[in-house]
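**Student:** Please see the structure below; I have some questions.
The values are calculated or read from the model by the stated rules, or taken from the named source; none is laboratory data. The model shown is predicted, which means the values in this text are computed figures rather than measured ones. Ideal geometry is used to build each Cβ from the backbone, glycine not excepted, and the neighbour counts take in all protein chains shown. Surface accessibility is based on the protein's heavy atoms, side chains included, excluding ligands, DNA and RNA. Shrake-Rupley method; radii C 1.70, N 1.55, O 1.52, S 1.80 Å.
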Amino acid sequence: MLSDVADEMIEAVRTVPAYSRPIDGEFGAGVRIGVQEALRHFLVEIEAGRAVPRRDVYVDLGRGEMRSGRSLESLLSAYRIGARVAWRRFAAVGVQAGLDPDTLYLLAESLFAYIDVLSAESAEGHALEQSAVAGEAELRRRRLVRLLVREPPAEARAVRAAASEAGWQVPRRLAVLAIAGPGRDRVATRLPGRVIAETFGDVLVAVLPDPDAPGRRAAVQRAVADAGATAGLGATVEWGNAGMSLARARAALGLANGAPELVVAREQAGRLLLRSDPGLADELARDRLAPLADLSAGQQARLTETLRAWLAQQGRLSRVAERLDVHPQTVRYRLARLRELFGDALEDPEERFWLELALRAADA
């Protein structure tokens with residue numbers, strides 16, 4: 001009888017669209033094992049009057065459905081259809097055997113409660129497999145990030161193969177975002193586009209495809225601001241230069257000094273250039289500002305401030321006085337002192353350029 005009931009249940013299961021194909025091969029064997037195990041074990045529990053241990057067939061079925069790309073709902077529909085078929089056959093046998101209605105009601109209740117247990121186990125298996133697949137996909141994306149930003153660059157063939165395994169399309173252009181601070185992980189979940197990310201020490205590195213698309217910069221800015229994180233956005237480059245974009249992103253991140261903001265490397269090119277070789281920048285500042293070295297600290301501060309304002313205002317005395325909030329006569333006195341110290345350099349456009357650069361280097 002059990003074999004006949006199993007055959008009828010399997011035939012009924014084929015009404016579910018996902019299982020409408022012939023029930024044969026490995027797939028058919030799995031379905032038949034599941035149906036027969038369910039019937040056998042259900043009757044064992046009815047006879048024992050209690051729960052009886054069994055194999056994790058239904059957890060495995062749930063895993064198998066996930067691996068096959070079928071939804072959990074298809075499997076649960078098959079369980080419900082199979083339960084109805086089994087109930088009709090059991091009820092017919094019960095009536096023929098003269099069982100009273102209360103016994104049949106109890107049998108029905110037990111059968112559908114049993115199906116609920118099987119459904120829960122299969123849902124667990126489906127979820128477990130889903131997590132495993134997601135974890136493997138995440139691992140592949142993280143490996144791809146490391147490959148993309150490697151210096152020297154990885155071979156194009158290796159990058160494309162890794163991207164294919166990760167299910168990620170290599171964009172023509174990209175930018176790298178370096179994120180730090182407590183909110184760094186929240187930023188990654190809110191970034192626009194198909195972003196992939198990996199952690200390097202205490203910095204989260206995210207690869208942004210097509211970063212110059214309309215609205216993309218504003219979306220990145222919002223993601224960083226909403227998370228209260230600190231971030232540096234590197235240059236937009238062809239994907240083969242992702243390592244260079246990462247270097248710029250890290251440098252831009254350094255400019256923020258931990259403040260919760262987004263620093264864009266392209267907008268801070270001058271500051272980044274000065275920071276690219278701190279020793280050389282210090283040397284430039286010391287050399288060009290050497291005439292101030294022998295002054296007292298107070299004199300150095302006043303004359304440096306005046307020189308900076310004079311260069312910024314292109315020598316317009318009233319503007320310099322307004323910026324420094326001092327009397328124009330005070331500015332004239334300080335400028336006379338600066339001319340004593342720097343001589344003709346203040347009148348030479350090229351020398352003025354190097355003086356301004358030296359002042360910026362001293363502040364970097």
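**Student:** Which pairs have Cβ atoms under 6 Å, sit 6 or more apart or on different chains, and link a residue in the range 273-298 that is farther than 22 Å from Ala249 by Cβ to one that is open to solvent by 70 Å² or more (accessible area, probe 1.4 Å)?
**Tutor:** Partner pairs satisfying both residue conditions: Arg288/Trp354.
**Student:** Can you tell me which residue among Val320, Val331, Val264 is closer than 25 Å to Gly232 by Cβ, among the β-branched types (Val, Ile, Thr) and either surrounded by 19 or more Cβ atoms within 10 Å (Cβ to Cβ) or in contact with a helix residue (DSSP H, G or I) (Cβ under 7 Å, 6 or more places away or on another chain) (or both)? Let's see the steps before the verdict.
**Tutor:** Working: Val320 fails: closer than 25 Å to Gly232 by Cβ; Val331 fails: closer than 25 Å to Gly232 by Cβ.
Testing whether each residue is closer than 25 Å to Gly232 by Cβ, among the β-branched types (Val, Ile, Thr) and either surrounded by 19 or more Cβ atoms within 10 Å (Cβ to Cβ) or in contact with a helix residue (DSSP H, G or I) (Cβ under 7 Å, 6 or more places away or on another chain) (or both) leaves just Val264.
**Student:** Another question, then. Whether any residue in the range 214-229 is among the β-branched types (Val, Ile, Thr), surrounded by 15 or more Cβ atoms within 10 Å (Cβ to Cβ) and either at positive phi or in contact with a Phe, Trp or Tyr (Cβ under 7 Å, 6 or more places away or on another chain) (or both) is what I want to check. Explain how you work it out, then say what you get.
**Tutor:** Start the filter on the range 214-229 by keeping residues that are among the β-branched types (Val, Ile, Thr), which leaves 220, 224.
Going one step further and asking which of them are surrounded by 15 or more Cβ atoms within 10 Å (Cβ to Cβ), we end up with 220, 224.
Subset that is either at positive phi or in contact with a Phe, Trp or Tyr (Cβ under 7 Å, 6 or more places away or on another chain) (or both): none.
Checked the range 214-229: no residue is among the β-branched types (Val, Ile, Thr), surrounded by 15 or more Cβ atoms within 10 Å (Cβ to Cβ) and either at positive phi or in contact with a Phe, Trp or Tyr (Cβ under 7 Å, 6 or more places away or on another chain) (or both).
**Student:** Another question about this same structure. Taking the range 304-341 only, how many residues are within 17 Å of Trp354 (Cβ to Cβ) and hydrophobic (A, V, I, L, M, F, W, C)?
**Tutor:** Residues meeting the conditions: 6.
**Student:** Test each condition in (1) at pLDDT below 70; (2) in contact with a helix residue (DSSP H, G or I) (Cβ under 6 Å, 6 or more places away or on another chain) for Pro53 and report the one that comes out false.
**Tutor:** Here Pro53 clears every test but (2).
**Student:** Does Ala120 satisfy being within 30 Å of Val57 (Cα to Cα), open to solvent by 40 Å² or more (accessible area, probe 1.4 Å) and assigned to a helix (DSSP H, G or I)?
**Tutor:** On the way: within 30 Å of Val57 (Cα to Cα): yes; open to solvent by 40 Å² or more (accessible area, probe 1.4 Å): yes; assigned to a helix (DSSP H, G or I): yes.
When the stated conditions are applied, Ala120 passes them.
**Student:** In addition: Can you name every residue in the range 207-221 that is free of Cβ contacts under 8 Å to residues at least 60 places away in the same chain, in a strand (DSSP E or B) and more than 17 Å from Glu267 (Cβ to Cβ)?
**Tutor:** First, the residues of the range 207-221 that are free of Cβ contacts under 8 Å to residues at least 60 places away in the same chain: 208-221.
Among the residues that remain, those that are also in a strand (DSSP E or B) are: 208-209.
Selection gives Pro209 alone.
**Student:** Filter the range 153-198 down to the residues that are without any contact (Cβ under 8 Å) to a residue 12 or more places away in the chain and either open to solvent by less than 80 Å² (accessible area, probe 1.4 Å) or over 25 Å from Thr230 (Cβ atoms) (or both) and list them by number.
**Tutor:** The first filter runs over the range 153-198 and keeps only residues without any contact (Cβ under 8 Å) to a residue 12 or more places away in the chain, leaving 154-155, 157-158, 160-161, 164, 189.
Within the range 153-198, Ala154, Glu155, Arg157, Ala158, Arg160, Ala161, Ser164 qualify.
**Student:** Testing Ala113 on (1) without any contact (Cβ under 8 Å) to a residue 40 or more places away in the chain; (2) out of contact with any helix residue (DSSP H, G or I) (no Cβ under 9 Å at 6 or more places or on another chain); (3) open to solvent by 60 Å² or more (accessible area, probe 1.4 Å), one condition comes back false. Which one is that?
**Tutor:** Among (1) without any contact (Cβ under 8 Å) to a residue 40 or more places away in the chain; (2) out of contact with any helix residue (DSSP H, G or I) (no Cβ under 9 Å at 6 or more places or on another chain); (3) open to solvent by 60 Å² or more (accessible area, probe 1.4 Å), the lone unmet condition for Ala113 is (3).
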